[in-house]
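See below for the structure under consideration.
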Ligand code: PGA
């Protein structure tokens, strides 16, 4: 069985660089990606040996007058290999599909591996699975327009299915429904782009529920927020992969 990928999205945590180093050392395992805040990237990159460095965002230009933004070259220069794009917390702050598309295209074209986050709000999900699939399909279409070429390696693009109502709330989609949507995403990308992607699930993952998602053939790993900041919890999640 192929090992599943576990991504730690630290969001705006922890508070200090020494805490970040301690946390990174505690989960330095194969098939783990750590996405710290930019300010800790270099320090984390230096202490991890097996885990791989990720970032939580990227800008779509190389360099220049873009106050507060971070370029792929800067990320690469500290060893970043993966970048999370389109997280719902950024979408909620105004990041549009157009912006996400620019970031995804740019990052892929420059050799970074992209973890593109998609997922519906609770009002959509309440209308049923078909509505959730339709919503996700339209996000994928807009976010990936022009981003996938025949040159792209299969490992370069990962989709993280994260229903917004499940993020940080303690609520989960059922593993059965999450794998249905993961399977749907895979089929869709094969149909639209002849491209095979890995699909992760994310949203209130903890050591108790991780295994029930990871047994699914269509779920290739997990994107973990809150639980990735708790050493014991996160290590149990890694073990279940
Ligand atoms: P959570 O966050 O695990 O805290 O729900 C997941 C995410 O936002 O990627």
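Rule-based calculations on the coordinates, nothing more; no lab input. Here the structure is a predicted model, which means the values were calculated and not measured. All Cβ positions, glycine included, derive from the backbone under ideal geometry; neighbour counts span all protein chains shown.
Using a simple spin-label model with pseudo-atoms 7 Å out from Cα toward Cβ, residue 50 and residue 196 lie 2.6 nm apart. A protection proxy built from the mean count of other Cβ atoms within 10 Å ranks the segments 90-103, 150-163, most packed first, as 150-163, 90-103. Region 146-176 and region 37-80 have Cα centres lying 21 Å from one another.
Before anything else, pin down the relative contact order of region 162-234: Cα pairs under 8 Å, at least 6 apart, normalised by residue count, whole percent. Each step should come with its number before you reach the end.
Details: 102 pairs, mean separation 24.8, N = 73.
Reported as a whole number, the value is 34 percent.
In plain terms, the chain from residue 122 to residue 61 could stretch by 18.6 nm, reckoned as 0.36 nm per residue minus the Cα-Cα distance.
Using just the helices of the chain, give the 222 nm mean residue ellipticity in deg cm²/dmol: DSSP H runs with n ≥ 4 each add -39,500 (n - 2.57), and the total is spread over all residues, rounded to 500. Don't skip to the answer; put the middle values down first.
Numbers: 10 runs with 98 residues, N = 241.
Roughly -12000 deg cm²/dmol at 222 nm, from the helical runs in the chain.
Indicate, rounded to the nearest 5 percent, the antiparallel portion of the DSSP beta bridges found entirely in the chain. Roughly 0 percent of the DSSP beta bridges within the chain come out antiparallel.
When the P(r) of the chain is calculated, the portion above 28 Å amounts to 26% of the C-alpha pairs. For the listed peptides 231-240, 185-194, 3-12, a ranking on the average number of other beta carbons within 10 Å per residue, highest first, reads 3-12, 231-240, 185-194.
Would you kindly state how much longer the chain becomes between residue 131 and residue 30 on full extension, computed as 0.36 nm times their sequence separation minus their alpha carbon distance, in nm to one decimal?
Values: separation 101, 0.36 × 101 = 36.36 nm, distance 3.64 nm.
Additional length available on full extension: 32.7 nm.
The simple Förster model, with R0 at 35 Å and r as the Cβ-Cβ distance, assigns residue 174 and residue 16 a FRET efficiency of 0.40. Above 18 Å, the calculated P(r) of region 107-241 contains 53 percent of its Cα-Cα pairs.
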